[in-house]
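Engineer: Here it is, the structure, as structure tokens.
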Amino acid sequence: MTKTTRRAFLTAAGLTGAAAAATAAQHYGLIPPDPGGAYGIGEILNYATHRLTSHAMAREFPESEISQVPFANETARPGDEFKRLEAARFAGWRLSIDGLVDHPQSLSLAEVKTLPAHSHVTHLACEEGWSYIARWTGVQVSHLLEKAGVRPQAKYLVYFSIEKDWWDSIDLDEAAHPQTLIAWGLNNADLPAGNGGPLRMRVPRQLGYKNVKFITRLTLTDDLKKFGKGLGSASPEGGYAWYAGI
Ligand SMILES: Nc1nc2c(c(=O)[nH]1)N[C@H]1C(S)=C(S)[C@@H](COP(=O)(O)O)O[C@H]1N2
Ligand SMILES: [Mo]
């Protein structure tokens with residue numbers, strides 16, 4: 001085989017392999033809700049590979065590697081309702097849990113903070129190229145799911161910000177992962193509003209944009225088509241993949 005035909009053959013074999021894997025992914029129900037999106041087969045393969053082959057932990061770092069503040073990115077406070085709540089030190093902030101659960105919840109911030117706390121020093125990476133390492137503290141989403149009693153039909157957790165155009169979702173594998181937190185602390189202090197305080201989704205196995213700030217509601221569903229344009233979050237509408245595993 002000449003060099004060029006060999007390359008052509010390998011390319012063809014690679015593509016055939018990818019197509020076969022995509023068919024397998026479909027068979028096992030591992031198709032993300034935005035399969036026709038900009039990332040196409042690449043996103044399907046990334047998602048299916050992660051789910052079939054690894055239940056890996058995101059890398060954790062020693063405290064000595066925590067990044068210097070201020071971090072690269074901060075979000076402006078998202079509007080009047082937020083500002084009113086902040087002025088009252090978030091005494092009126094609620095986190096509700098509803099949908100396919102036996103015991104819907106409406107928790108105050110103080111109640112969330114009394115639940116068992118979990119911390120990790122992890123990397124938050126924005127798709128735009130910057131990142132930082134910080135110590136995150138919060139309640140494991142798995143604990144919240146147990147408390148609410150997730151029904152067997154539930155497949156996804158959808159989460160909403162007080163900032164209306166920010167909502168997203170993850171599958172239950174990601175939601176129940178031990179490092180997935182509803183975070184209320186950053187580097188041993190309350191989570192600052194610029195980084196999503198008082199409550200933020202912290203999902204360290206996925207890119208920054210899945211880590212939605214100012215969380216007010218979690219809902220369990222069997223079907224992401226019921227939300228927004230049916231793509232699992234607003235991000236795919238803007239050209240970002242629903243599954244942003246790293
Ligand atoms: N509600 C809300 N959540 C958000 C965002 C936002 O603008 N609003 N930006 C996202 C993006 S693109 C990234 S990279 C991270 C940035 O987190 P940081 O500000 O703590 O660095 O937050 C994510 N969560
Ligand atoms: Mo980002």
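The values are calculated or read from the model by the stated rules, or taken from the named source; none is laboratory data. This structure is a prediction, so every number in the text was calculated from the model and none was measured. A quick note on method: Cβ atoms are made from the backbone with ideal geometry, for glycine too, and the neighbour counts reach across all protein chains shown. These area figures cover heavy atoms from the full protein model, side chains too; ligands, DNA and RNA do not enter into them. Shrake-Rupley method; radii C 1.70, N 1.55, O 1.52, S 1.80 Å.
Engineer: Within region 137-156, work out how many residues are over 19 Å from W184 (Cα atoms) and of a type in the set (A, V, I, L, M, F, W, C).
Structural biologist: 3
Engineer: Another one. Just the residues that are touching a strand residue (DSSP E or B) at 6+ places or on another chain (Cβ under 7 Å) and among the hydroxyl-bearing types (S, T, Y), please, taken from region 91-150.
Structural biologist: Passing the criteria: S96, S106, S108, S119, T122, S131, Y132, T137.
Engineer: Show the residue pairs that are 6+ apart or on different chains and have beta-carbon atoms under 7 Å apart, the first residue being within region 207-230 and of a type in the set (F, W, Y), the second being open to solvent by 10 Å² or more (accessible area, probe 1.4 Å) and in a loop (DSSP other than H, G, I, E, B).
Structural biologist: Close Cβ pairs (under 7 Å, with a partner that is open to solvent by 10 Å² or more (accessible area, probe 1.4 Å) and in a loop (DSSP other than H, G, I, E, B)) amount to Y209/E127; Y209/Y240; F214/P78; F214/I162; F214/E163.
Engineer: In this structure, is Y39 crowded, with 18+ Cβ neighbours inside 10 Å and out of contact with any His (no Cβ under 6 Å at 6 or more places or on another chain)?
Structural biologist: Details: crowded, with 18+ Cβ neighbours inside 10 Å: yes; out of contact with any His (no Cβ under 6 Å at 6 or more places or on another chain): yes.
Judged against the criteria, Y39 is a match.
Engineer: Identify, by number, the condition in (1) more than 24 Å from E74 (Cβ to Cβ); (2) of a type in the set (A, V, I, L, M, F, W, C); (3) within 11 Å of ligand 1 (Cβ to nearest atom) that A193 doesn't meet.
Structural biologist: In the conditions (1) more than 24 Å from E74 (Cβ to Cβ); (2) of a type in the set (A, V, I, L, M, F, W, C); (3) within 11 Å of ligand 1 (Cβ to nearest atom), A193 misses (1) alone.
Engineer: Could you list, in sequence order, all residues of region 31-62 that are hydroxyl-bearing (S, T, Y) and without any contact (Cβ under 8 Å) to a residue 40 or more places away in the chain?
Structural biologist: Passing the criteria: T49, T53, S54.
Engineer: Here are some residues: T114, T216, T137. Which one is closer than 24 Å to R59 by Cβ and either surrounded by fewer than 17 Cβ atoms within 10 Å (Cβ to Cβ) or assigned by TED's automatic domain parsing to the domain that holds L52 (or both)?
Structural biologist: Criteria check complete, one pass: T137.
Engineer: When residues of region 191-239 are filtered for being among the hydroxyl-bearing types (S, T, Y) and under 10 Å from the mean Cα position of the chain (by Cα), how many remain?
Structural biologist: 1
Engineer: Quick one: L207 ticks every box in (1) aliphatic (A, V, I, L, M); (2) within 16 Å of ligand 2 (Cβ to nearest atom); (3) in contact with a helix residue (DSSP H, G or I) (Cβ under 8 Å, 6 or more places away or on another chain) except a single one, so which number is it?
Structural biologist: (3)
Engineer: Another question about this same structure. Has region 151-162 got any residue that is of a type in the set (S, T, Y) and not in a strand (DSSP E or B)? Explain how you work it out, then say what you get.
Structural biologist: Step one: of region 151-162, the residues of a type in the set (S, T, Y) are 156, 159, 161.
From the residues that got through so far, the ones that are not in a strand (DSSP E or B) too are none.
No, the conditions are met nowhere in region 151-162.
Engineer: Would you mention how many residues in region 140-163 are surrounded by fewer than 15 Cβ atoms within 10 Å (Cβ to Cβ) and touching a residue at least 24 places away in the same chain (Cβ under 8 Å)?
Structural biologist: Counting residues in region 140-163 that are surrounded by fewer than 15 Cβ atoms within 10 Å (Cβ to Cβ) and touching a residue at least 24 places away in the same chain (Cβ under 8 Å) gives 3.
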